[in-house]
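None of the figures in this text is laboratory data; all of them are computed from the coordinates on show. This structure is a prediction, so every number in the text was calculated from the model and none was measured. With ideal geometry, Cβ positions are generated from the backbone for all residues, glycine too; neighbour counts draw on all protein chains shown.
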Amino acid sequence: MSQWGKIDRLNLQGTATVAVDASNVVFSQSQTGNVAIGYALVIANVEYTIANIANSTMLTLDVEYSGTSAAAQDGLAIQQSPKNLRTYGFHANSKVAGAIYGANTVNSRNVYGVDLREANVATNKRRGIKSPGWTHYQTWVTTLGATRNRSEVLVAMSKNFNTSDTGYFDANDDLIVQDSDIIIVSQPRLVGSRTANAQFPGASFIIDAYGTQGMTVNYSWQKSPNGTVWVDVINLPYPGNVGFSGNTTANLNISNVYIFGGNTVNTYVRVVLTGNAATTVISDNVQVYVGQSQ
């Protein structure tokens, strides 16, 4: 199994010295057993393919380092991948004339390491990514505008693949293989059934949602005059002294709703939900009525 690697991402101990426009990396301690040609060395969250290994403390990148030069770079990691499937692509960041290849261009296979947690994320399952191990995944849009997904398990591995570290460290692949899902339990709704008028000027809306795997959900309320064009709600008074608060929480409050005027539907609100390593989810719209019960 050494051909494939046993973990998607491995954080490294120690530091590394590397200079801008150079490709040699010198480690502060031995990395024997951690590095291999074809793997990627992650420096400042950027992957560089390992082209050669001189000894236990020195290796060569396939391109020049393009980050900030420093005496000791920390926060290092090895991004494992099938060694003969160059999923990062040689010369992905090269400044050399003629180096035209970028990430995932040298080989047509896009291979991802999937751990047990990721294999149980609903969004991944809908893409066909549902088994721990190394998976080949492709997605494309047809001429009719439909999104298609193709997934193939290349090497199925144990349920503990990539989870030996309690931090669940994995690749920078969350746009494809998500770590979590955002679940909406209840769409935005009016709190209570108050009439918004001069006697009862306020309106309050709430949404129930959570992130799987303990992920924290971020809220961003938006408003629209027609349910089509949306702008973010700001916690400031609007013309006519209509005010909003709680725009980054699960509970949006609107003051002086009646100043919108008349007995017409004056606006819509919705919530954009985001989280670390999860797909953005947009809630249903809800209308803000004036002069009547919701």
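Converting phi to 3J(HN,Hα) with the Karplus coefficients 6.51, -1.76 and 1.60 and the offset θ = phi - 60°, the range 177-188 yields 10, 6, 8, 8, 10, 9, 10, 8, 7, 9, 5, x Hz in sequence order, with x at every glycine or proline. One chain, two ends: residue 72 and residue 110. Fully extended at 0.36 nm per residue, the span grows by 10.5 nm beyond their Cα-Cα distance. Using the Karplus relation 6.51 cos²θ - 1.76 cosθ + 1.60 with θ = phi - 60°, the per-residue 3J(HN,Hα) values for the range 42-56 come to 8, 10, 6, 6, 10, 8, 10, 5, 7, 8, 7, 10, 7, 6, 5 Hz, with x marking Gly and Pro. With the simple spin-label model, which puts each label point 7 Å out from Cα in the Cβ direction, the residue 234 to residue 20 separation comes to 3.7 nm.
So if we plug the beta-carbon distance of residue 276 and residue 186 into 1/(1 + (r/R0)^6) with R0 = 25 Å, what FRET efficiency do we get, rounded to 0.05? My answer for the efficiency is 0.65. Across the range 16-24, computed HN-Hα scalar couplings (Karplus, 6.51 cos²θ - 1.76 cosθ + 1.60, θ = phi - 60°) run 9, 9, 8, 9, 4, 6, 10, 10, 8 Hz from first to last residue, x flagging Gly and Pro.
Near the amide H of residue 176, within less than 5 Å, lie no amide hydrogens of residues on another chain or at least 5 residues away, with H placed in the peptide plane. If you plug the beta carbon distance of residue 32 and residue 11 into 1/(1 + (r/R0)^6) with R0 = 22 Å, you get a FRET efficiency near 0.85.
Annotation: peptides 34-46, 221-233, ranked by per-residue average of other Cβ atoms within 10 Å with the highest first, follow the order 34-46, 221-233.
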